[in-house]
Every structure is written in C-alpha cells, then in structure tokens.
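Read the structure below first, then the notes.
The values are calculated or read from the model by the stated rules, or taken from the named source; none is laboratory data. Remember, predicted model here, so these are calculated numbers, not experimental data. Reconstructed Cβ throughout: ideal geometry from the backbone, glycine too, with neighbour counts over all protein chains shown.
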Amino acid sequence: MTAIHRRVAVTALLGLLAGRALADANTDEFFRAIRQDNDAAVRSLLARGFNPNTKDEKGTPGLIVALQEGALRVASLLIDSPHLVPETRNAADESPLMMAALKGPVDLVRHLFARDADLSTRSPKRTSALGYPLLVKLRRPPRPTLTPLRSLFRGGGPRGQW
C-alpha cells in the first residue's frame, strides 16, 4: 500500500467516523425534541432529511416515544411525515397504533389509521390495537378510549367482531 492509498483510506475512515458522530448527535437532538414536545426542532430535523423512523437506544421509534411521553404536537408531525412507516415497532413488538389506542387521543388514532396503519396487526400476546388498552393495566377505565375507536368503523369492526 502506497502513501497515497493510506491517505485515502485514512481520509475515508475519518469521514465515516465524522458522519457517524453527526448522526448520533442528530439522534440525540431528535429524541430530546420529542421529549420536550418541540415540534419546531423535529420539523427542522425532518427538513434536513432525518429519518422519522429512527429508534432510540432501547429500540423504540420516535413516534412511540412521542405517544408515551404525551408529546402530541410532535406525534402529529411525525404521522404527517411522508417518510414515516406507520408499522415501525418497538423492542416489545408494539405498533404506534397500539400505543396511540392506549395513550393518545382518538384524533391521533384516526390520523394513524388514515396513514394506513394496520388495524389487524397483533401484539405478542395476540391482542389487536383496539384491544390493546384492555390488555395493559390502566389507572383509568379503558372504555372511554375504546368507544370512540369503535365508532371509526361504521359497519362494525374487522371480521364483524362488534
């Protein structure tokens, strides 16, 4: 290997390391903005080409983090992103639709459903997104969440379940 080849290799390696450091910084900024419900910062990152499906160190996608944290402005912004994959799941195999049915207002569930989130997907315990609030132990009764969700389907639920 000549000196020129070594320089090219070292330059390429440094470029990769710098790119990785920048990506890590953007990921940290992304999840900090989500936790603060800072939609302007998330909008700026998305405009620069940041992937809205990025997962944190625990394997949780940004949309699920936003729903868990109650960051509803950021959640709505992420759902509107054309690059969002609505079925990106967390490490526990929960979908954003399941988390929205559990934590979010009905408008966010409708919003996700309009983005073709799959209602028929199941959790590891074989529960659908609509039944998910019943599976998870809640401090408040799940009925107020489920009743409006059922009204989304005017002819009844999938496979006539309701």
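General remarks:
- When residue 88 is tested against (1) among the β-branched types (Val, Ile, Thr); (2) surrounded by 22 or more Cβ atoms within 10 Å (Cβ to Cβ); (3) more than 17 Å from residue 29 (Cβ to Cβ), exactly one condition is not met: (2).
- So residue 95, is it out of contact with any Ser or Thr (no Cβ under 7 Å at 6 or more places or on another chain), under 27 Å from residue 38 (Cα atoms), at pLDDT 85 or above and not charged (D, E, K, R): no
- Matching option when the condition is among the acidic types (Asp, Glu), over 11 Å from residue 79 (Cβ atoms) and modelled with pLDDT of 70 or more, among 107, 118: 118
- Sub-6 Å Cβ pairs linking a first residue in the range 27-47 that is touching a residue at least 12 places away in the same chain (Cβ under 8 Å) to a second residue that is of a type outside the set (A, V, I, L, M) and part of a helix (DSSP H, G or I), at least 6 apart or interchain, are 34/62; 35/69; 37/73; 39/73; 45/30, ordered by first then second residue.
- Residue 101 meets all of the listed conditions (1) under 20 Å from residue 32 (Cα atoms); (2) at pLDDT below 85; (3) not charged (D, E, K, R) but one, namely (1).
- Helices (runs of 4 or more DSSP H) wholly inside the range 30-117 containing at least 2 residues that are out of contact with any helix residue (DSSP H, G or I) (no Cβ under 8 Å at 6 or more places or on another chain): 39-47, 106-114
- Residue match in the range 21-28 (condition: part of a helix (DSSP H, G or I), at pLDDT 90 or above and either surrounded by fewer than 16 Cβ atoms within 10 Å (Cβ to Cβ) or of a type in the set (Lys, Arg) (or both)): yes
- Failed condition for residue 55, given (1) touching a strand residue (DSSP E or B) at 6+ places or on another chain (Cβ under 8 Å); (2) under 21 Å from residue 120 (Cα atoms): (2)
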